[in-house]
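Presented below is the structure to which this report refers.
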Amino acid sequence: MHKLWVITLSVFKKNIKSIGFWAMVLSPILTISIIIAISYLVNKDTQNFSIALISENQELKQELLHLKSTDFKFESAKDEKQAQKRLQNEKIDGYLKIGVSNSRIHAELYDSGSIKNKTDNLQQTLQSIQQKMNALTLNLSSIDLAKLNSSPQLKQTQIFFDENGKVTTEKNNSDMQSITSIVFTVLILMFIMNYFSMIAMEIANEKGTRSMEIILSSVEAKTHFYGKILGMVFLATIHFSIYAITGIGCCLTDLGKSLLQEIHLENIFSGLFWWIIPFNLVSIFLSMCLAALTGSIVSRKEDAQKAMQPFIILGMFAFYLPMIFTNNPTNIMLRIVSYIPYMSAFVMPSQLANGVATIPQVIISFAILVISTGALLTFSAHLYKANVLLYSNNGLLNDLKQSWKNARIEAALASKASK
């Protein structure tokens, strides 16, 4: 046990002090912070566009002048020549020639291109005035107009049936759950790719420098293997904790509090959707076991990247699969992949968000994932000694077969020796 903790702390200290680890941890935080800062500055510096009004219809002109808008500031102009001069001197952003013909508003906007992103807002403003004019023409009151503009309200409720046929209902949060599932899927992909690389390179580096023989002469192979995995688990825990503390800190800000009031986390992680958390955690541990197995098989550090490619491609395929079948979440391929370990972490979140995953499906898929992870951990630890002492360039599968033969031979010899 003492040797296990020595190896674990050695792996942990080595990586926690590296610049690469902190760059991996802080780069997403810095990127998101920069995006938020830029968005804040852009919104802060957004000005009300000044638009000069040219119209013979004084009633329409006065209504626009008294209109309170967050996008436009209307002002009066005598004629087009005066408006053009003010636009040339950059005192206004554009001018609007507007009038009424046959009870219909006709408007033409002149600007230097600065208002092109706000034309839809201007169209909506004129549309609301047009509706008021139509109401007056038809002798409709403001109440009648509000009734005409009212929209039907559609409420969507998710319904669930347990094993006994009992019905439970709750508010549908599929939109927010879909966004959350995408965020979690991106995070799981990032964690798997980063830690897969770190563990594989960690073990392959020791094997490539031929220092593994010296290490295994003083410590058991399984102890060394578990120490590597446990060290990375502690490192990932620190990684998660930093993101959790950062997220909590953001939630305590005014912006975070306003977002929490809108999204309601208790509604998002309701029903079966909370299962994405254990799915992701176990999948990260599964990827660590795969990485350790891969790193122990290759002979050189340079070969670790090549050996990782099949698993990265498999992960990317599973990542994009729910996007391909966005409009068909019940597709048979999605259902099949949701039971496959490693790939299920990318598919199951979308199945849960769309409400197509049943309780038995989730439990069976998670059970398969946990059992597979335990089996892989045991299998990798069993082959570890044979792998790290095997130096060959016959390919990943051939080296795996050879290490399996060596492990069986060693086990048989050990069994005979014990007798």
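Read-outs: derived from the displayed coordinates by stated rules, not from any lab. If you're wondering where the values come from, they're calculated on a predicted model, not measured in any experiment. Note that each Cβ is placed from the backbone with ideal geometry, even for glycine, and that neighbours are counted across all protein chains shown.
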Quickly rank 324-336, 217-229 as a protection proxy: mean count of other C-beta atoms within 10 Å, highest first. 217-229, 324-336
With 0.36 nm assigned to each residue of separation and the Cα-Cα distance removed, Ile214 to Ile36 gains 59.0 nm
Sort Phe74, Phe240, Phe346 so the one with the fewest other Cβ atoms within 10 Å of its own Cβ comes first. Phe240, Phe74, Phe346
Residue-wise, which Karplus ³J(HN,Hα) couplings in Hz belong to the range 279-296, taking 6.51 cos²θ - 1.76 cosθ + 1.60, θ = phi - 60°, and x for glycine or proline? 4, 5, 5, 5, 5, 5, 5, 4, 5, 5, 5, 4, 5, 5, 5, 5, x, 7
For Lys73, enumerate residues with amide H under 5 Å from its amide H, sequence gap 5+ or separate chain, H modeled in the peptide plane. Phe49, Ser50, Ile51
For the range 19-24, Karplus-derived ³J(HN,Hα) couplings (6.51, -1.76, 1.60; θ = phi - 60°; whole Hz; x for glycine and proline) come out as 5, x, 5, 5, 5, 5
May I ask for the equivalent-ellipsoid semi-axes of the range 49-149, computed as the square root of five times each C-alpha gyration tensor eigenvalue and listed largest first in whole Å? 27, 15, 11
What FRET efficiency comes out for the pair Phe379/Ala244, r = Cβ-Cβ distance, R0 = 56 Å, nearest 0.05? 0.95
What's the exposure ranking of Tyr384, Tyr342, Tyr320, going from fewest to most Cβ atoms within 10 Å? Tyr320, Tyr342, Tyr384
How would you rank Glu202, Glu80, Glu56, going from fewest to most other Cβ atoms within 10 Å of each one's own Cβ? Glu56, Glu80, Glu202
Rounded to the nearest 0.05, what FRET efficiency is calculated for Thr358 and Ser103 with R0 set to 60 Å and r the Cβ-Cβ distance? 0.55
